[in-house]
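Chemist: Would you mind keeping the following structure in view while I ask a few things?
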Amino acid sequence: MIEVHRGSAFAEPVVQAIHRFSDRIAIVCDGEEITYGEMGRQVSRYVQALKSLNLKKGDAISQLSSNRPEVLLVNIACGILGVRMTQLHPMGSEDDHAFVLHDAEVPMLIIDEKKYVSRGEALSKRVKGLAILSYGQSPFRSLDDIAGHYDPMPLVVEADPDDIVSIGYTGGTTGRPKGVVARSRTRLEQMKISVVHWEWPSEVRMLAVTPVSHAAGATFLPTLIKGGAFYIEDGFDPEGFLAAIERHRITMASLIPTMLYVLLDSPKLKTFDTSSLEVMLYGASPMSPARLREGIEHFGNVFLQYYGQAEVPMVASIMNRSEHDLENPERLGSCGRSTIGTDIKLLNDAGAEVPRGEIGEICIRGPLVSDGYWKRPEETTFLLRHGWLHTGDLARMDRDGFIFIVDRSKDMIISGGFNVYPREVEDVLTQHPAVMSAAVIGVPDPKWGEAVKALVVMRAASSATEEQLIHWVKEKKGPVYAPKSIEIVKSLPMTGLGKPDKKAIRARYWSEVGRQVG
């Protein structure tokens with residue numbers, strides 16, 4: 001490519017924002033306010049500290065932390081240098097963390113000294129040659145102490161657009177996690193799409209409560225480009241979330257569907273002033289249309305959905321606020337339409353596009369698409385077959401281009417020769433006034449091959465029998481979709497990304513059967 005057309009690394013517009021908005025508040029955490037200028041000076045110190053540790057373009061590093069500003073600033077420093085980051089999920093197990101560090105060939109890990117010293121000690125014994133640092137004081141060497149020896153220098157981006165800036169591991173719901181390669185140009189595309197499509201308030205005060213090392217962190221960089229303030233809370237509880245909106249006059253926030261369900265069921269929901277909220281981003285897993293309607297009725301027309309996955313991060317499609325139309329209730333089950341520069345088609349197994357209204361696999365092309373999996377060429381080839389990225393999500397598309405996900409291809413149940421899509425059963429169950437959330441799987445059955453089974457979490461002070469819920473689904477979807485059994489549970493097992501862990505649920509029923517769980 002001719003040099004004048006090469007584009008830029010994602011860190012370049014971030015550095016521009018640091019200079020452009022130097023006196024504005026960039027981050028608020030635990031009562032501390034950090035301006036853009038202060039943030040830039042600390043990023044500079046981190047850049048110099050990482051260099052002093054002999055990290056250079058193409059090298060790898062990892063972080064394991066609760067929500068704190070350092071996670072974000074170190075990530076920017078790595079983006080400036082072209083050092084690839086692999087974030088360890090704060091809810092992950094020791095086995096998962098050890099696997100990721102080994103698989104991604106990471107020689108250095110930074111830990112949160114407040115929570116993860118023992119995990120760091122355990123990983124240092126399990127991963128050969130792993131060097132451990134911490135942000136603050138701990139038994140490990142402090143990155144902040146190293147950075148404190150340097151005076152701020154001008155921020156000069158050394159990374160190129162094609163540098164690998166992260167290897168992010170999939171949630172592992174269908175097997176061992178795979179490392180998804182993200183280049184700097186891909187991260188920049190994600191930022192640009194977010195800036196274009198997210199219907200930003202005039203004053204951006206973004207609230208993040210999910211891990212900033214993962215999905216919430218993807219809202220940070222676009223917030224900087226908009227000159228907004230990023231408010232960090234370490235974890236989610238419904239009253240704390242609502243109180244933060246009221247206290248800081250939050251205008252924009254992000255959550256996952258299960259969090260909205262908990263908010264809506266909170267007895268204190270109506271005691272907080274959330275009138276400042278203009279945009280509520282949601283994604284990561286499908287939202288129950290019935291619960292979404294409740295959310296709109298309480299919070300107003302603030303909901304904006306994004307759809308994507310690690311292989312095509314976060315913003316492949318968008319359903320904006322005006323498209324959440326209570327007069328068109330069917331559309332509440334959609335994940336929107338493709339974003340600018342992103343080409344989405346629904347393909348069959350032969351790679352041919354299916355007619356509108358028929359079910360096919362969501363397949364994507366465009367600059368948002370990942371290069372594939374880290375050192376897994378066969379799986380990458382399969383992922384990118386027919387010249388498209390195959391998401392594994394089955395959907396239909398209406399005549400206006402709205403996409404309706406019916407399920408993961410591996411989650412589809414074949415019962416008595418009929419295809420049953422668990423998402424459709426879950427949506428019907430959560431329309432019942434007693435049901436908070438549901439997960440539907442297929443279980444082994446000598447007559448049907450697979451039988452539809454539902455695990456249901458009830459709302460507080462509500463009840464319904466198994467027979468009533470089965471009849472409810474039968475009336476609304478027909479006998480094929482009606483569960484053969486329903487188990488009422490206190491909670492559903494969740495992945496670290498906040499999705500119902502179907503793999504864990506299936507394992508209870510398939511462990512003694514000769515079929516691979518997944």
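Chemist: Counting just the residues of region 332-358 that are among the small types (Gly, Ala, Ser) and part of a loop (DSSP other than H, G, I, E, B), which one comes out nearest to GLY308 (Cα to Cα)?
Modeler: Taking region 332-358 as the starting set, the residues that turn out to be among the small types (Gly, Ala, Ser) are 333-334, 336, 338, 341, 350-352, 357.
Going one step further and asking which of them are part of a loop (DSSP other than H, G, I, E, B), we end up with 334, 336, 341, 350-352, 357.
Values: SER334: 13, GLY336: 11, GLY341: 14, ALA350: 23, GLY351: 20, ALA352: 22, GLY357: 21 Å.
Ranking the qualifying residues of region 332-358, first place goes to GLY336.
Chemist: Step by step: first the residues of region 148-168, then only those that are of a type in the set (Gly, Ala, Ser) and over 23 Å from the mean Cα position of the chain (by Cα), then the one that is farthest from GLN42 (Cα to Cα). Which residue is that?
Modeler: Pass one, region 148-168, residues of a type in the set (Gly, Ala, Ser): 148, 159, 166, 168.
Pick out the ones that are also over 23 Å from the mean Cα position of the chain (by Cα) and you get 148, 159.
Numbers: GLY148: 9, ALA159: 19 Å.
Checking each candidate, the answer is ALA159.
Chemist: Here is a further query. Output the residue which, of all residues in region 200-237 that are closer than 22 Å to GLY341 by Cα and out of contact with any helix residue (DSSP H, G or I) (no Cβ under 6 Å at 6 or more places or on another chain), is most open to solvent (accessible area, probe 1.4 Å).
Modeler: LYS226
Chemist: Scanning region 125-147 for residues that are out of contact with any strand residue (DSSP E or B) (no Cβ under 6 Å at 6 or more places or on another chain) and in a helix (DSSP H, G or I), which turns out nearest to PRO69 (Cα to Cα)?
Modeler: Within region 125-147, the match that is nearest to PRO69 (Cα to Cα) is ASP144.
Chemist: Cβ-Cβ under 7 Å, sequence separation 6+ or interchain: first residue in region 468-496 and free of Cβ contacts under 8 Å to residues at least 24 places away in the same chain and farther than 20 Å from GLY449 by Cα, partner open to solvent by less than 30 Å² (accessible area, probe 1.4 Å) and of a type in the set (A, V, I, L, M). Which pairs?
Modeler: Pairs found: PRO493/ILE505.
Chemist: Let me ask something else about it. Confirm whether GLU379 is part of a strand (DSSP E or B), acidic (Asp, Glu) and either at pLDDT below 95 or surrounded by 14 or more Cβ atoms within 10 Å (Cβ to Cβ) (or both). Lay out the reasoning, then the answer.
Modeler: Values: part of a strand (DSSP E or B): no; acidic (Asp, Glu): yes; either at pLDDT below 95 or surrounded by 14 or more Cβ atoms within 10 Å (Cβ to Cβ) (or both): yes.
When the stated conditions are applied, GLU379 does not pass them.
Chemist: Which residue out of PHE220, PHE236, PHE230, PHE241 is assigned to a strand (DSSP E or B), out of contact with any Asp or Glu (no Cβ under 7 Å at 6 or more places or on another chain) and not small (Gly, Ala, Ser)? So that I can check it myself, show each step before the final result.
Modeler: Working: PHE220 fails: assigned to a strand (DSSP E or B); PHE236 fails: assigned to a strand (DSSP E or B); PHE241 fails: assigned to a strand (DSSP E or B).
Matching residue, one of PHE220, PHE236, PHE230, PHE241: PHE230.
Chemist: Let me confirm something: among ASN75, ASN67, which residue is in contact (Cβ under 8 Å) with a residue 24 or more places away in the chain, open to solvent by 10 Å² or more (accessible area, probe 1.4 Å) and over 23 Å from LYS375 (Cβ atoms)? Working first, answer last.
Modeler: Numbers: ASN75 fails: over 23 Å from LYS375 (Cβ atoms).
Unique residue meeting the criteria: ASN67.
Chemist: Condition test on LYS447, is it modelled with pLDDT of 85 or more, open to solvent by 30 Å² or more (accessible area, probe 1.4 Å), out of contact with any Pro (no Cβ under 8 Å at 6 or more places or on another chain) and among the charged types (D, E, K, R)?
Modeler: Details: modelled with pLDDT of 85 or more: no; open to solvent by 30 Å² or more (accessible area, probe 1.4 Å): yes; out of contact with any Pro (no Cβ under 8 Å at 6 or more places or on another chain): yes; among the charged types (D, E, K, R): yes.
The answer is no for LYS447.
Chemist: Within region 67-78, does at least one residue satisfy the condition of being part of a loop (DSSP other than H, G, I, E, B) and of a type in the set (Val, Ile, Thr)? Steps first, answer last, please.
Modeler: Of the residues in region 67-78, the ones part of a loop (DSSP other than H, G, I, E, B) are 67-68.
Pick out the ones that are also of a type in the set (Val, Ile, Thr) and you get none.
Scanning region 67-78, I find no residue that is part of a loop (DSSP other than H, G, I, E, B) and of a type in the set (Val, Ile, Thr), so the answer is no.
Chemist: Given the conditions (1) touching a Ser or Thr at 6+ places or on another chain (Cβ under 9 Å); (2) farther than 21 Å from PRO69 by Cβ; (3) surrounded by 16 or more Cβ atoms within 10 Å (Cβ to Cβ); (4) among the β-branched types (Val, Ile, Thr), and given that VAL196 satisfies all but one, which numbered condition is not satisfied?
Modeler: Result: VAL196 passes all but (3).
Chemist: Looking at region 147-159, can you tell me whether even one residue there is in contact (Cβ under 8 Å) with a residue 24 or more places away in the chain, farther than 22 Å from GLY37 by Cβ, open to solvent by 10 Å² or more (accessible area, probe 1.4 Å) and not basic (Lys, Arg)?
Modeler: No, region 147-159 contains no residue that is in contact (Cβ under 8 Å) with a residue 24 or more places away in the chain, farther than 22 Å from GLY37 by Cβ, open to solvent by 10 Å² or more (accessible area, probe 1.4 Å) and not basic (Lys, Arg).
Chemist: Working only within region 247-280, note down all residues that are open to solvent by less than 20 Å² (accessible area, probe 1.4 Å), over 21 Å from the mean Cα position of the chain (by Cα) and closer than 26 Å to PRO500 by Cβ.
Modeler: Once the filter is applied, which keeps residues that are open to solvent by less than 20 Å² (accessible area, probe 1.4 Å), over 21 Å from the mean Cα position of the chain (by Cα) and closer than 26 Å to PRO500 by Cβ, region 247-280 yields SER266, LEU269.
Chemist: Return yes or no: is THR391 of a type in the set (Val, Ile, Thr) and under 20 Å from SER285 (Cβ atoms)?
Modeler: Numbers: of a type in the set (Val, Ile, Thr): yes; under 20 Å from SER285 (Cβ atoms): yes.
Against the criterion (of a type in the set (Val, Ile, Thr) and under 20 Å from SER285 (Cβ atoms)), THR391 qualifies.
Chemist: From the list SER213, SER288, which residue is of a type outside the set (Phe, Trp, Tyr), under 28 Å from LEU429 (Cα atoms) and in contact (Cβ under 8 Å) with a residue 12 or more places away in the chain?
Modeler: Working: SER213 fails: under 28 Å from LEU429 (Cα atoms).
Among SER213, SER288, only SER288 is of a type outside the set (Phe, Trp, Tyr), under 28 Å from LEU429 (Cα atoms) and in contact (Cβ under 8 Å) with a residue 12 or more places away in the chain.
Chemist: Would region 285-297 turn up any residue that is assigned to a helix (DSSP H, G or I), buried (at least 22 other Cβ atoms within 10 Å of the Cβ) and within 19 Å of the chain's Cα centre (by Cα)?
Modeler: Taking every residue of region 285-297 in turn, at least one turns out to be assigned to a helix (DSSP H, G or I), buried (at least 22 other Cβ atoms within 10 Å of the Cβ) and within 19 Å of the chain's Cα centre (by Cα).
Chemist: Read through the list (1) closer than 29 Å to LYS345 by Cα; (2) of a type outside the set (Asp, Glu); (3) open to solvent by 20 Å² or more (accessible area, probe 1.4 Å), then give the number of the only condition that VAL406 fails.
Modeler: (3)
Chemist: Which is crowded, with 17+ Cβ neighbours inside 10 Å and in contact with a strand residue (DSSP E or B) (Cβ under 9 Å, 6 or more places away or on another chain), of GLY92, GLY58? Break it down stepwise before answering.
Modeler: Details: GLY58 fails: crowded, with 17+ Cβ neighbours inside 10 Å.
Only one candidate passes the filter, namely GLY92.
Chemist: Now for a different question. Name the one entry in ARG423, ARG459 that is surrounded by 15 or more Cβ atoms within 10 Å (Cβ to Cβ), more than 30 Å from PRO177 (Cβ to Cβ) and touching a residue at least 60 places away in the same chain (Cβ under 8 Å). It would help to see each step written out before you state the result.
Modeler: Values: ARG423 fails: more than 30 Å from PRO177 (Cβ to Cβ).
Exactly one of ARG423, ARG459 is surrounded by 15 or more Cβ atoms within 10 Å (Cβ to Cβ), more than 30 Å from PRO177 (Cβ to Cβ) and touching a residue at least 60 places away in the same chain (Cβ under 8 Å), namely ARG459.
Chemist: Looking at this structure, is VAL312 surrounded by 17 or more Cβ atoms within 10 Å (Cβ to Cβ) and over 30 Å from THR430 (Cα atoms)?
Modeler: Values: surrounded by 17 or more Cβ atoms within 10 Å (Cβ to Cβ): yes; over 30 Å from THR430 (Cα atoms): no.
So VAL312 fails the test.
Chemist: Right, next: Of everything in region 480-500 that's part of a loop (DSSP other than H, G, I, E, B) and at pLDDT below 85, which residue is farthest from MET259 (Cα to Cα)?
Modeler: In the first step, residues of region 480-500 are kept if they are part of a loop (DSSP other than H, G, I, E, B); the result is 480-484, 490-493, 495-499.
With at pLDDT below 85 added as a condition, the list becomes 480, 495-499.
Details: VAL480: 31, THR495: 14, GLY496: 14, LEU497: 12, GLY498: 9, LYS499: 11 Å.
Only one residue fits best here, namely VAL480.
The values are calculated or read from the model by the stated rules, or taken from the named source; none is laboratory data. Everything numeric here is computed off the predicted structure, so don't read it as measured data. Positions of Cβ are backbone-derived with ideal geometry, glycine not excepted, and every protein chain shown enters the neighbour counts. These area figures cover heavy atoms from the full protein model, side chains too; ligands, DNA and RNA do not enter into them. Shrake-Rupley method; radii C 1.70, N 1.55, O 1.52, S 1.80 Å.
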